[in-house]
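Quick note: the coordinates plus some simple rules give every number you see, no bench work behind them. Please read all numbers here as calculations on a predicted model, not as lab measurements. FYI the Cβ positions are ideal-geometry reconstructions off the backbone, even for glycines, and counts take in every protein chain you see.
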Amino acid sequence: MATKRKFEITDARGGTAIPVRVVTKAESSALAGIQDDGVLKVRLVSSPASSQEANDELIDLLANTLDIPRNKIEIVAGATTREKIVSVEGVTAADVEARLGIGS
């Protein structure tokens, strides 16, 4: 029996870890909100979600939204899937939530 894992934005050493679910082939790149399981849903133009183009687009979108340098963001898990874990260096989970406008 599979255990349901609740995802959430969490503090990590030196920054924050964000669970992300990517949906591709969108008309424009955008954050689509937090899902019931705590995952940040992101719509991207690039396809497939496993492509380097989609990963770069995701990093660019998060960097612009969070107003931080692109080099402070890294996909640390799931680079070849639509379910990803993104590390954001130098900011807390509370900072990320505030910048995303989602609050705790």
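Here are some notes:
- Antiparallel DSSP beta bridges within the range 10-91, as percent of all bridges there, nearest 5: 80
- Descending semi-axes in Å of the chain, equivalent ellipsoid built from Cα gyration tensor: 19, 17, 13
- Rounded FRET efficiency, nearest 0.05, which uses the C-beta distance separating ARG82 from ASP60 and R0 of 22 Å: 0.80
- Dipole axis of the range 10-91 (+1 Lys, Arg; -1 Asp, Glu on Cβ), positive-most option in ILE75, VAL23, ILE34: VAL23
- Taking the chain and dividing mean pair separation by its residue count, relative contact order in percent (alpha carbons under 8 Å, at least six apart): 29
- Total charge dipole magnitude, the chain, about the Cα centre, Cβ charges on Lys, Arg, Asp, Glu only, Debye to nearest 20: 320
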